[in-house]
Amino acid sequence: MAGYKIKDKSGWGLIGIGAGAIGIGIPFAIGAKKICRKQWIRRTKIRERMKRKPLLTALISGETALV
């Protein structure tokens, strides 16, 4: 047993795993934020169109009193 060494258990493996998780997680978080923002903008535009739609249909149909 002359060639047997006791391995050092200093915790660098856990630090490496944590750093790797952060390094992988940040780009995914940035991408998710961009997608979320695009969807929010799209939903806002749709809501604005839905609010205006009754007015446009009233104008097209020739109604005089717009509510």
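No value in this document is a laboratory result; all are computed from the given coordinates. Remember, predicted model here, so these are calculated numbers, not experimental data. In this analysis, Cβ positions are derived from the backbone assuming ideal geometry, glycine residues included, and neighbour counts consider all displayed protein chains.
Run the reach check for residue 51 against lysines, Cα to Cα strictly under 24 Å, same-chain hits fewer than 8 apart removed. What comes back?
By straight Cα distance, residue 51 reaches 38.
Quick check: pseudo-label points 7 Å beyond the Cα along Cα→Cβ at residue 44 and residue 22, how many nm apart are they?
Taking the simple label geometry, residue 44 and residue 22 are separated by 3.2 nm.
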